[in-house]
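Below is one structure, written out as structure tokens; comments come after it.
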Amino acid sequence: MGSAGKDPMHSRKLLLWVAAGYGVLAVLAGVATAGHHAAASVTTIKAISVPPKIEINRFVQDTLRWNKDVYTVKSGGTLHVVNMAADEGPHTFTVVAAKDEPKTAQQLFGCKICEKLAKAHGADPNSNAPPKYPFLENGVGQATPPSVNQPGDSGVTGKGKKGESIDLKVTAPAGTKLRFMCLIHPWMQAEVDVT
């Protein structure tokens with residue numbers, strides 16, 4: 001029997017089933033993709049510490065650091081910054097220009113950008129009290145989290161308790177590299193690549 005003998009209604013039903021099948025697959029793919037994007041939209045950054053290395057009469061090596069050197073977040077995503085090294089006090093997530101990052105011991109112990117932005121936070125260098133402003137937007141103190149997109153955007157993780165965290169929305173466009181550090185512990189430096 002040739003194609004002329006086939007039932008046209010059967011062909012239409014078959015096409016509808018195929019189209020419906022592709023529609024279900026498209027919906028499932030969309031749900032899977034949306035779930036993947038939702039999971040990928042939060043990047044966790046942890047302040048961590050392991051026991052220091054000591055060689056008597058030689059050196060003490062502090063191991064306080066961010067848990068990674070480079071993080072990736074989508075533009076519009078969130079950075080979840082967690083203090084897992086509370087024995088070292090609070091930490092800041094502070095975006096700085098590469099030229100302002102301290103690289104030598106002298107620069108670390110006389111960190112000019114640290115002093116400038118700590119002052120903007122309203123921190124008292126003679127006190128362990130929390131700063132007046134928990135956040136900075138482009139170097140200006142405020143009570144609400146900044147839109148992270150430029151140097152001077154900053155947040156303090158809390159009063160220094162383990163597990164305290166802040167969430168910061170990244171509004172920098174894709175392709176931006178944001179250098180960040182802790183103003184309290186200026187050797188803690190890393191990068192966020194915005195995709």
For the subset of segment 176-186 comprising residues that are touching a strand residue (DSSP E or B) at 6+ places or on another chain (Cβ under 7 Å) and either outside any strand (DSSP E or B) or modelled with pLDDT under 95 (or both), which member is farthest from N138 (Cα to Cα)?
I184
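From K177, K169, grab the single residue that is surrounded by fewer than 21 Cβ atoms within 10 Å (Cβ to Cβ), within 21 Å of V73 (Cα to Cα), free of Cβ contacts under 8 Å to residues at least 40 places away in the same chain and within 18 Å of the chain's Cα centre (by Cα). Talk me through it step by step, then tell me what you get.
On the way: K169 fails: free of Cβ contacts under 8 Å to residues at least 40 places away in the same chain.
Every option except K177 fails the conditions.
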Please verify whether A98 is in contact (Cβ under 8 Å) with a residue 12 or more places away in the chain, under 14 Å from H185 (Cα atoms) and small (G, A, S), treating the condition exactly as stated.
no
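The values are calculated or read from the model by the stated rules, or taken from the named source; none is laboratory data. A quick note: this is a predicted structure, and the numbers were derived from the prediction, not measured. Please note: Cβ atoms are built from the backbone with ideal geometry, for glycine as well, and neighbour counts cover all protein chains shown.
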